[in-house]
Amino acid sequence: MPPEEAHRIEAHIDKLLAERGMTLTELADRVGITLANLSILKNGRARAVRFSTLTALCDALQCQPGDLFTCHPAD
Amino acid sequence: MLESLRRPDWLDELRRLLGIAVVLSGIGTAVSTVAVLAGRPVEVTVAGSALALPALPAGVSAADGIPLRLDDPTAAQRGWELLSTLPGYALLTLALVLLWRLTGQARRGDPFTVDVARRLRRLGLLLVAAGPIVWVTEFLGDFALSAGADTGGVYATLDLTAPAAWALAGFGALAVGEIVRRGQAMRVELDGVV
């Protein structure tokens, strides 16, 4: 397991939702996860993402994993 | 038919078993202590070589330790008897109580918690640390009891089985505690997985 430290991944769910005119609730329904878990992912509080969740997100938002996340460089 | 049988909750079954063991151990300890204090005859082992035994057949000799019974033990002998038996019973009862409470807590809620891991660690350390102390204390009690029998021969053995059993139980509790701790850490990790 990697050491416990804050990650530098930013999720762009808000931006993708806005571009597609979709709400967070609709996305949660399409992906099949709870709104609470989707909020955790959106707000950067998730510690890991399952490939199955990522696949469902990409399907629902018609995008690639790289469109969803950005890794910011360390200071 | 198998479907109709109740699927056992092994944690609950263990807790019940531990509950019975706690009661029996507690009663056994209390009854034994009261009996010794009240003057119950005390069994003591002395060196066989020091006893003048009646004519034994050829090729037969007294063993190293000969059990005798003190029908009217003195206060000191009663004290030594308690010292040679009570610490083991007390530690066993205490360990059973701790384990009983621990299984109760694990059964009521989530077994993979920091508190359950901490309690298991505490139990393990208690057994590992107190086991040898109990062992030596009981040996001293046996030695003093044997010496106090005034037969001219003292007999007491340092049986390695007892500390080995305490250590095994203690390290077992420590290992299970570590499993619970890692399970709890994994739970924290999984809680953050979306």
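What follows draws every value from the coordinates through simple rules; no lab data is involved. Fair warning: this is a prediction, and the values are worked out from it, not measured in the lab. Here the Cβ is made from the backbone with ideal geometry for all residues, glycine too, and neighbour counts use every protein chain on show.
The table for this structure:
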{"item": "Residue, farthest from the other protein chains (Cβ to nearest Cβ), within region A:32-56, restricted to residues that are outside any helix (DSSP H, G or I) and closer than 17 Å to residue B:189 by Cβ", "result": "A:44"}
{"item": "All positions within region B:169-194 that are within 12 Å of chain A (Cβ to nearest Cβ) and among the small types (Gly, Ala, Ser)", "result": "B:185, B:192"}
{"item": "Options B:40, B:69, B:78; residue that is assigned to a helix (DSSP H, G or I) and of a type in the set (Lys, Arg)", "result": "B:78"}
{"item": "Output for region B:86-114, where each listed residue is β-branched (Val, Ile, Thr) and buried (at least 19 other Cβ atoms within 10 Å of the Cβ)", "result": "B:93, B:103"}
{"item": "Output for region B:176-194, where each listed residue is part of a helix (DSSP H, G or I) and in contact with a helix residue (DSSP H, G or I) (Cβ under 8 Å, 6 or more places away or on another chain)", "result": "B:176, B:177, B:178, B:180, B:181, B:184"}
{"item": "Test: residue A:74 is more than 30 Å from residue B:183 (Cβ to Cβ), outside any loop (DSSP other than H, G, I, E, B), more than 14 Å from chain B (Cβ to nearest Cβ) and of a type in the set (A, V, I, L, M)", "result": "no"}
{"item": "Residues satisfying the stated conditions in region A:57-75, i.e. closer than 23 Å to residue B:191 by Cβ and in contact with a strand residue (DSSP E or B) (Cβ under 7 Å, 6 or more places away or on another chain)", "result": "A:68, A:69, A:71"}
